[in-house]
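As structure tokens, the structure follows; a few thoughts come after it.
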Amino acid sequence: MAPRKAYLLRLDPRLLEALQRWAGDDLRSLNAQIDYLLRQSLKQAGRKIPPPEETDEN
């Protein structure tokens, strides 16, 4: 699995609270919920996520 990158995200407190509730309803962490929503938005917009680079682990 490709390493994940950290990114500081500043949100309106009301938006953050709504996302936390939604994540809880879907039994996801807040981070997983944001990742899921961003991936869905990219898919709806017809944007592609490049496949992960293969690494040789021999």
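FYI, it's all coordinate maths here, none of it is from the lab. Here the structure is a predicted model, which is why all the values come from computation and not from measurement.
Could you calculate the contour length gain from L42 to L30, that is, 0.36 nm times the residue separation minus the distance between their Cα atoms, to one decimal place in nm?
Computed gain between L42 and L30 is 2.5 nm.
How far, in nm, would the chain grow between A2 and A18 when pulled straight, counting 0.36 nm per residue and subtracting the alpha carbon separation?
Contour length minus Cα-Cα distance gives 2.8 nm.
Compute the whole-percent fraction of alpha carbon pairs in the chain spaced more than 15 Å apart.
Details: 1052 of 1653 pairs.
Percent of Cα pairs beyond 15 Å in the chain: 64.
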